[in-house]
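A.B. asks: First the structure, which I've put down as structure tokens, then a few questions once you've had a look.
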Amino acid sequence: MQTNASRRDLAKAFAFMAAASAAGPALAQSAPAAPANVDAAVKAAHAEFKGLNEGKNADYIPALAQVPSNYFGIGLVTPTNKSSFVGDIEPKFSIQSISKVFTLALVFQESGEALIENSIGVDATGQVFNSITAVEQYKGKEMNPFVNPGAIATTGMVKGGSADEVWRKILGIHSDFAGRQLDVDQVVYKSEADTNQRNRAIGQLMSAYERFPGDPAQAVDLYTRQCAIAVNAKDLAVMAATLANGGKNPVTRKQVIDPRHVPGILAVMATAGLYDDSGKWLFHTGLPAKSGVGGGIIAVSPGKFGIGTFAPPLDAAGNSVRGQRAITSISNALDGNPYAVRPV
């Protein structure tokens, strides 16, 4: 049986490798793929997996159960703004846990990485994403910003004199990553707000352990709202490509965050981005990624491309089935794995 200490050691090792691959072009072969190859890989993946009927929509948030299960969109964008979009790329859906990546980026940019590392930590918990036991075990530490307790605390760390000011910052950085003004799906927001009693309890517990300042009720509400931000597959591809391009949006050319913060973000994505299957995902693809129960996934090949997919049916771990298969296929076709270094 793997001990907590060994899990932390493994998570730190993965984090080191992910940071190294993001930071060093000598380790990650970062030449963007040729546009013709990109388009062929994206179209082939969509054609291969569009008929896959495994998994089911999330239903613990009632609004998510109503999203058509047959939606399937894929977008890929390179740092030089070469792109390929196939399938259902325009329908909007709620970003859900993928939002945790960009609120983390905001806190890194405002307050530095040490605030997160020293308060909630950057280790995989080895427990489910909304575990209260994980909070109790280390009094809110030894977790990461992508499980709900850590994510609520991260949202609570965003600076601002009022809830409105904090929200403008959160929505603003998501919009900057997407390259367009985003908004909230109010139906999803209400559905989540009506059913988020567990998150409210988690927020109170994290506050009791002094893992973030301010009002825990406000932090939970803002976290719920950020999860209901409406995006499409094209948005996710641009957001992922901004991370692949060192924090600079390849479409708008805006430097959204400092490049020095990107390796840390990708490291947490690598170790904790796909819930309980994060280790399996990294083993098979090498790609830092983040999923959401709305059916979206972002994946980053540093220096090469960012991928965004949308397909609502999820596997038992809460990750889009078609999205995982498509990203794996595309990355294999384009040599996206940053650990697959050819000898010289």
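Readers should treat all values here as calculations from the given coordinates under stated rules, not as data from a laboratory. Everything numeric in this text was worked out from a predicted model, so none of it was measured. For neighbour counting, all protein chains shown are included, and Cβ atoms are generated from backbone atoms with ideal geometry for every residue, glycine included.
A.B. asks: Pop a pseudo-label 7 angstrom from the Cα along the beta-carbon direction at both K280 and I132 and give the gap in nm to one decimal.
C.D. replies: Once both label points are built, they end up 2.8 nm from each other.
A.B. asks: On to the next question. So if a site counts as exposed when it's one of the GluC sites (Glu not before Pro), its DSSP state isn't H, G, I, E or B, and it has at most 16 other Cβ atoms within 10 Å, what's the longest stretch of the chain without one? List each step's numbers first, then the result.
C.D. replies: Working: sites that count: E54, E210.
Counting at most 16 other Cβ atoms within 10 Å as exposed, the longest clean stretch of the chain is 55-209.
A.B. asks: Okay, next question. May I ask you to list the aspartates and glutamates whose Cα is less than 19 Å away from that of K82, ignoring any residue fewer than eight positions away on the same chain?
C.D. replies: Hits, sequence-local ones excluded: D39, E90, D176, D235, D335.
A.B. asks: With N denoting the number of residues in the stretch 105-217, provide Rg(C-alpha) divided by 2.2 N^0.38 Å, to two decimal places. Please list the in-between numbers first.
C.D. replies: Working: Rg = 14.3 Å, N = 113, 2.2 N^0.38 = 13.3 Å.
The value comes to 1.07.
A.B. asks: Taking only C-alpha pairs under 8 Å that are 6+ residues apart, what is the relative contact order of the chain in percent?
C.D. replies: Working: 747 pairs, mean separation 98.4, N = 344.
This gives 29 percent for the chain.
A.B. asks: In addition: Measure off 7 Å from each Cα along the Cα-to-Cβ vector at E54 and A317, then give the distance between these two points in nanometres to one decimal.
C.D. replies: According to this spin-label approximation, the distance is 1.2 nm.
A.B. asks: Hey, which lysines would be in cross-link range of K280, C-alpha to C-alpha under 27 Å, not counting anything within fewer than 8 residues on its own chain?
C.D. replies: The reachable lysines, counting only those whose Cα sits under 27 Å from K280, are K12, K43, K50, K56, K100, K141, K234, K290, K304.
A.B. asks: When only DSSP loop residues count, what trypsin sites (Lys or Arg not before Pro) in the stretch 178-267 have their Cβ near at most 11 other Cβ atoms within 10 Å? List each step's numbers first, then the result.
C.D. replies: Values: sites: R180, K190, R198, R200, R211, R225, K234, K248, R253, K254, R260; in loops: R180, R211, R253, K254.
Those satisfying the criteria are R253.
A.B. asks: While we're on this one: Fewest to most neighbouring Cβ within 10 Å: what's the order for Y223, Y138? Let's see the in-between values first.
C.D. replies: On the way: Y223 25, Y138 15.
Result, fewest neighbours first: Y138, Y223.
A.B. asks: Report the relative contact order of the stretch 200-272, percent, no decimals, based on alpha-carbon pairs under 8 angstrom and at least 6 residues apart. Please list the in-between numbers first.
C.D. replies: Details: 40 pairs, mean separation 11.1, N = 73.
This gives 15 percent for the stretch 200-272.
A.B. asks: Could you rank the peptides 292-300, 308-316, 181-189, 76-84 by their average count of other C-beta atoms within 10 Å per residue, with the highest value first?
C.D. replies: Values: 292-300: 29.9, 308-316: 24.7, 181-189: 16.8, 76-84: 22.1.
Taking the mean over residues of other Cβ atoms within 10 Å, the ranking is 292-300, 308-316, 76-84, 181-189.
A.B. asks: May I have the pair-distance distribution P(r) for the stretch 187-245, computed from all Cα-Cα distances with 10 Å bins from 0 and rounded to whole percent?
C.D. replies: Each 10 Å bin holds this share of Cα pairs: 21, 36, 27, 16.
A.B. asks: Further question: Mind jotting down the distance between the C-alpha centroids of the stretch 221-255 and the stretch 92-144, whole Å?
C.D. replies: What the calculation gives is 18 Å, centre to centre.
A.B. asks: With only alpha-carbon atoms counted, please give the Rg and Dmax of the stretch 267-324, in Å.
C.D. replies: 10.3, 32
A.B. asks: For the chain, list log₁₀ I(q)/I(0) at each q in 0.15 Å⁻¹, using the Debye formula over Cα point scatterers of equal strength and ignoring solvent, two decimals each.
C.D. replies: -1.24
A.B. asks: Given a 10 angstrom Cα cut-off, can you work out which residue in I173, I327, I152 is the most mobile in a GNM of the chain?
C.D. replies: Its mean-square fluctuation being the largest, the pick is I173.
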